[in-house]
Every structure is written in structure tokens, then in C-alpha cells.
1. Which whole-angstrom value gives the distance between the alpha carbon centres of the stretch B:158-208 and the stretch B:275-306?
2. Kindly state, to the nearest 0.05, the FRET efficiency for B:Ser639 paired with B:Arg612, given R0 = 45 Å and r defined as their beta-carbon distance.
3. To the nearest 100 Å², how much accessible surface do chains A and B hide from each other in total, with a 1.4 Å probe?
4. From the backbone phi of the stretch B:16-27, what are the Karplus-calculated ³J(HN,Hα) couplings (6.51 cos²θ - 1.76 cosθ + 1.60, θ = phi - 60°) in whole Hz, Gly and Pro given as x?
5. Once phi is turned into ³J(HN,Hα) by the Karplus curve 6.51 cos²θ - 1.76 cosθ + 1.60 with θ = phi - 60°, what whole-Hz value does each residue of the stretch B:131-147 show in order, with x for glycine and proline?
6. Could you run the Karplus curve 6.51 cos²θ - 1.76 cosθ + 1.60 with θ = phi - 60° over the stretch B:638-652 and give me ³J(HN,Hα) per residue in whole Hz, x for Gly and Pro?
7. Can you return the aspartates and glutamates within cross-link range of A:Lys96? Criterion is Cα-Cα under 14 Å, with same-chain partners fewer than 8 residues away left out.
8. Set the bar at 25 Å for Cα to Cα. Now go through B:Lys247/B:Lys330; B:Lys101/B:Lys180; B:Lys430/B:Lys579 and name every pair that lies beyond it.
Amino acid sequence: MEPITSFFAVSVILLGIGIYGLTTKRNAIRILFSIELIYNAANLNIIAFARLSSPPLVTGQVLVLFTIALAAMEAAVGLAIVMLVSRLNVDIDLRKLTRLRG
Amino acid sequence: MTILPWLIWTLPIAGAILTPLFAKFHGLVRDYAAVAFSLGAAVAATITAFTVASSDYQIPWVPQLNLNAGVLVDPLSMFLVNIVAWISFLIMVYSLQYMKKEFGLTRYWFFMNLFIGNMLLLVLADNLLMMFFGWEGVGLCSYALIGHFYHDEPEHWVGTPGDSALGVPQAYPPSHAGMKAFIMTRIGDIALLIAIFLIFATSTPRTFNYVELASQLGKTGSWASTLARFGLLVPTALLFFGGPVGKSAQFPLQEWLPDAMAGPTSVSALIHAATMVKAGVFLVGRMGPIFFLALLEFNQVTPFFGTVAWVGAFTAFLAATQASVAREIKKVLAYSTVSQIGYMMMALGVAGLSANFLAGYSAGLLQLMSHAIFKASLFLAAGWVIHATESRFMDQMGGLAKAMRLTSVSMLLAGLSLMGIPPFSGFWTKDAILSAAFQGSEYLLYAIGLATVLLTAFYTTRMLGITFAGKPSANVEDLEKQGKHVHEAGLLMLVPYLALAIASLGLGLLYPLYSGPLTNYLMGTFQYLTPTLLLGANPGFSITDAVLFAASTGLAAVGFAIGYLRYFRRPYQAPSQMKGLVGFLWHRWYIDAIYYRIFVEGLTKMSRGLYRYVEQGIWDKLSPTIARDVIDYTTASGSLDSSVVDRGVNDVARAGSRFSNLLRRFQSGVTEQYVITFAIGIILLLIYMIFVIGAR
């Protein structure tokens, strides 16, 4: 098995878990986790391509550093929203958050 | 300095446009600004006459048509522009006081300035098209100003209330008079317009310009020869003359002018002395020489100039007889204007008939000048008399000489000029016309002219006698009892008419000095327009002239004597019934009534007949069948509508609604569904990329 295939396999598994979580879970925190998994699937892909290309590129790693930072910020904002929602609503079931529906 | 000639006519028009703006500040600003603009035009006119060389100053107007706008500075236009602008200015000054307490003053000043501007435009225009703009502008302004008192209060009516001729009421409200003026002059204007386009269409290259039209004459294929080939040259000239006939109130379109008295007196003065009626004379003066050369080439001079001369002479006599019986002071003056304009037309006609074109031509134009001056004076003075006595009827005045000495002196001076008593200016110019007719061997025209002299002297004396001599009438005494003392006019009103009356005397005294040079100056018009007309010099004074002078002065004296004995010596009693000859003259030879009978009632009757026989007789009988057909047709088309058209539309709508319902399911707002859709989309995309694109 070529090295890149194993990277892809992990990446696809991560993506699959992420999408599964997004579609089935109702808890806001779990959904945030799932999003984080999808992010990491993408990151892993980028790093793998950069590392295995010839000659190897650094740009992949640099780009991924930025994505991690962005993901952290996104998670922070997301968690803050979830916390506020939990304070207002007690429940954080996304199906029940219908106040903003038009 | 080429801007100066343009300023002459643009200044009053600019003043008119700015009048509503000035009115926002204060009534006085508006009034004095309007007068200032007319003064500006007069000053520009005088400076132009003395400093600007005779030429055609043009600017491009419509390049596609090769059409230029231009002002033609030549002796004729300068001569007329100065008369018009200065007399208009004096009338404007007079209006300051005369119109003080009237309503609608912004409208009044606007139209007065527009009137003057359009008149100056029509005189200065170097082509027929621009001239026509001014011509119609003058018509519009006269309509608006004659109908100024459009509330139609009884004191502003014209004519004797209750009077009727042939069943036609002979008293008109101002709005009616304005309309009458507009419609009657329109008849002539249509003829004029046809003539202008005939000339334009046949000229090669096409042009409206006077100078170019004149220079095309005598060449092969000129407009004159083209028109002559179709036998249209004389008809075109006569159609052209139709415009002046309407505008200058000549027979058969003279009936609007006496009723135009319904406007404010200052407006009447403007119409009679400076603008409007002089426009017709000017146009004949402008195109006369050109037509003369055109007609001379094809030996057709007599029909056209004969018509001009005879229309003029007949109108002069006709109106003079009517003036002899009129009751209203303004109407006497109105008839007299018609009569005097008739003299001018006769002179211009005689010019073409006689060997010496210049004699009749200059006589007509000089008569225009002296008439403008004394008629303006007479009208302005009459305006004050009417205002002071609160009546327009002369038999409700009487004995005013004591109360208003200067006004009566002014009217006497101007009246003597109108009568043609030496040495007033009216004497010289009227005599020049008569002598031109006599020297041109037109003895019948001369005889009619002489008869008119007698009548003119008679009706002028009659007017002065009834108004100023004798004892005050009951009306004046009533006014005195009410404490409304009949007194002299204020300075702003008195000065204009007194100055004009004195000018009339002064110009008469100086006439032997300036007539020669002025005639030579006017001859410069031909130099510019039609050089071949420079034939025949002034023959100078002869025994014949002396005899003619004596004849006309003698007849004027006879007329004066009859008038004096009848109206100065005896108190005037207005006849209770107008019968016989007096009734015939009083009712304007029944011409007015006949026009009303034929045209106004004819139209009404025709419309009624159409209503009764066509509308009720044919259409109303046809309409039930038509209506049934229409209903059947509508029902049929209605069912077609609901079965075919409506159904199609409904089906389309239903299909749209179904499709929307389908789409609606995707818009669930449930995030998971969106994610799944998104994931399925990506998977499909991947499959496509791997198995379709990758397989290539």
C-alpha cells in the first residue's frame, strides 16, 4: 500500500465520522465536534499532498497552521454561542432552536 | 458690435420671462423692471440705427436645413424698430400709473414686454420663418391683452348693451373680443403661411431669407418664374397679402379691431400705434419691393398692387364712415386706425401701380410714423378721459376742457394731426399719399382718399367736440356730486401723451427739412434688397403739388367746419334710435352682423343639423342593430375567453404551483437534510470525476 493511500484512508474515515455526526446528532456541542473532525480531514489531506509531492513543499504545513488557527477561532465563537444559547434556553437541541426561523 | 441688433428684440422678451421672478420681490420692482427692459430695447434700437452698418447678421440655426437665424439691419427695419420701441416705451411708462389698481399685473407686464419683443423680432427678422414666429407671437399677446379683464365685468365690455343688428347682439365682453381678434387674424395667417411655403418650396436653393429671395429674382428657374409657370405668382402674392389684411385689420377682416377696445387702453394704444396693426404694413413694405420685381418680370404687377391699393382705399373710406357715428371714444379711434392703415396700404399699392415706386412707398411708411405718434397720443389721452369720467361713451363726458386743460390740448394737437391740418405731421404724410395716387394717375383712388379726408376731419372734430366742448353731461355732474372730481392726469400718464402730441406738431413743422433725407435713407432699403428698384428720383415740388395741398386742406377744413358747427356749437344728444344711414353706419355696414350670421350661427346651425339628421337620424337608428351585434359578438368572444384563454392561463398557474410545492420540500430549514444533500452532491461529483473525467 502506498503511503498516500493510508493518509487518504484516515482522512476519509475522519470525514465520514464528521458527516455522520453532523447529520445524526442534535446536540450543538457534538455538531461542533463533527465540524472539527471534517476540518482535520481536510488538513490531513493538505499536509499529505504537500509532504509527498516532489520536491516536498512547506506551503502545505504553513497553510494548515492558518486553518488550525481559524478552526480554533471558529470553535471558540461556536462554543460561546452554544453557551449563551444554553443559558437562555437550558436545552441546546438544535431542532428546538427555532426562534430565528422566518 | 453685432450683438447690438440682437439685443433689440431679445431684451423685451428677456424682460417678459423675468417678470414673474421680479414679481416675487415686490410689485414695484416688477413694474419698473418691465419698463426698464423696454427702455433698453429702445436705446439699443437707436444706437444700432446710428452705429451699425446695414447688413444681415446671421448665426446658424438649423444646419441640416441650411437655415440661419438672423437680424436684418437696413433702413426699413431700423426706421420701424425705432418707432415701435420708443412709442412702446412711452406706453409702458403710462401703464405704470394707468394700471396701478388693476388685477393680474404680472400677467399684464409679461404680455406687454412679450408683445413688444415679438413685434421687434418680426421687424428685424431676416427671413420669413423668424418673421412668422414674431407674427404669431404678436397674435398671441394681442389675444391675451385684449382679454386682460377676463372676468368680463360690464364696465369693460365694448359696444352698447342691448343693441343688436340683424338679431346679433352688438356688445361684447373682453374675453369674447380677444377670441374674435385671434380667430379673425388667424384666417389671414393661414393664407400667409401657405404663401410663405409656396415661396420656400419653389426657391432654389431653398431659403426663407429676404435678401436671398430677392437676389434669386431674374435668374432662370427662380421662385418667381416657377410660380409664374404654374400661374401661381399672383395668387401667392395675394395669399401673402392675406396675412397683412388680417393683422392690419383691412377689409374684409377689419371687424376684430373695433372690438379689441375691450382691453386696457394702454393695450389699445400699443396695438394701434406701435405693434400689431403696423406689422401688416411693415410686411407689405418688406415684401412689396420683392414682389414688385417678381411681378414686373412677368407683367403681372397690376392685379396684386391694384388689390392692395383698392383694399386699402376701400377700408379707409369704410372705417371713416363708421367712425362718424360711433358713440364710444375708443371706438372712434379704432375705426380711425383702420381707416389710416387703409391709407398706408393704398400708398403701398399705388407704389406698385405708378411709375415712381419710391413716392408711394415712402409716403406709406412716413404715414406709418406720423400715425403711430399721434394715434398713441390720442389713445393714451382717451384712456385718461375714460378713467376720469368712468364711462366709455362720449355722450357721458362733455365739457371736459376746463377740468383737464393739458389733456384737451394734447388731444387737440394729435387730433389736428389726424385730420391732416397743416403744419402737423399727419398733413404732410397723408398728402404725400394722395399726391402719389394722383401723380400715379389713379384718380379714383385719389377721389376716395379725398372723401376720406373730409370724413376724417369731421369725425375727429365730432369726437373732440362731444368730449371736451359744451356743458358737462349728467354723468359728469353726478360724479362731481359724489365728490369724484374730474381732474387732470398724473405726471407719469400726462407726460407720455403730451410729449407725443408735441412730437407730432414738431415733426410736422420740421417736415420740409427732414423729409428729403429720410426718403433717401429709406431708399437704402432697395439698395440692400432690390438694387434694380433704384429708379426715379423725387420729382420735387411742383404746381400740381400745391393744388393737391390746397384740395386736401380745403376738404379737411370743410369737414372741420361741419363738425364744429354741429358738435361745438350745439349740445350733443345721443340719438335714441339708429335708423337709415346712421343705423347702417352704426352697425358697421352690417358686415359684423353678417359675419356672425354666416360663420358663427352657420357653424352652430350646421352642428345642430348634424346632430339632428346624422346623429339622431342615422346613427341612433343604426345603433340598436349595431348594439345587438356587438352584444352577440361580446358573448361569443366571452365564452371563447373562459374556455380557451382562461383555461390555458390557469393550467400554467397550476403547473407553476405544483413545481413550487416540489421545491418547497427542499427548503425544510433542517440542517441535517442540507448536510446530507451536500454530502450526496459531493459523492455524485466525485463519482463523475473519477468515472467520467478520469476514464478519458
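The values are calculated or read from the model by the stated rules, or taken from the named source; none is laboratory data. Note that this is a predicted model, so its numbers are computed, not measured. For neighbour counting, all protein chains shown are included, and Cβ atoms are generated from backbone atoms with ideal geometry for every residue, glycine included. Remember, those area values only see protein heavy atoms, side chains included, never the ligands or the DNA or RNA. Shrake-Rupley method; radii C 1.70, N 1.55, O 1.52, S 1.80 Å.
1. 20 Å
2. Details: r = 40 Å, r/R0 = 0.89.
With R0 = 45 Å, the Cβ-Cβ based efficiency is 0.65.
3. Numbers: alone 7440 and 29890 Å², together 36780 Å².
Answer for the A-B pair: about 500 Å² buried.
4. With coefficients 6.51, -1.76 and 1.60, one gets 5, 5, 7, 3, x, 5, 4, 5, 5, 6, 6, x Hz.
5. 4, 5, 4, x, 4, 6, x, 4, x, 4, 5, 5, 4, 5, 7, 5, x
6. x, 5, 4, 4, 6, 7, 9, 5, 4, 5, x, 5, 4, 4, 4
7. Within the straight-line limit of under 14 Å, A:Lys96 reaches these aspartates and glutamates: B:Glu672.
8. Working: B:Lys247/B:Lys330 19 Å; B:Lys101/B:Lys180 27 Å; B:Lys430/B:Lys579 33 Å.
Distance filter (> 25 Å) returns B:Lys101/B:Lys180; B:Lys430/B:Lys579.
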